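The values are calculated or read from the model by the stated rules, or taken from the named source; none is laboratory data. A quick note: this is a predicted structure, and the numbers were derived from the prediction, not measured. Note that we place each Cβ from the backbone using ideal geometry, even for glycine, and neighbour counts take in every protein chain shown.
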Amino acid sequence: MVDKSRLAISKGQLGPVCDSCGTLMTFGESCTIDERYVCWDCYVKLTGADTSTDSDSNPGLRMS
Ligand SMILES: [Zn+2]
């Protein structure tokens, strides 16, 4: 479930707040780790996801 206390208005729409750095995001920008929202940068740091390039990666298919 989404904890509404973690949500904020970002770019004119309701979106999550990064649990790690506090960045406001849209849902489209956010990643989730154990039901927490994090930004992509923090997601990479926390999960060790590939950081080489994002030109051919698809975050949606990673870390299933
Ligand atoms: Zn973050």
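Just to be sure I understand the filter: pairs with C-beta atoms under 6 Å, separated by 6 or more residues or on different chains, first member in the range 20-46 and farther than 17 Å from residue 7 by Cβ, second member of a type in the set (S, T, N, Q) and modelled with pLDDT under 90. Which pairs pass? Final answer for the pair search is 44/51.
All of 41, 19, 56, 34 fail the test of being exposed (fewer than 10 other Cβ atoms within 10 Å of the Cβ), at pLDDT 65 or above and among the charged types (D, E, K, R), apart from 34.
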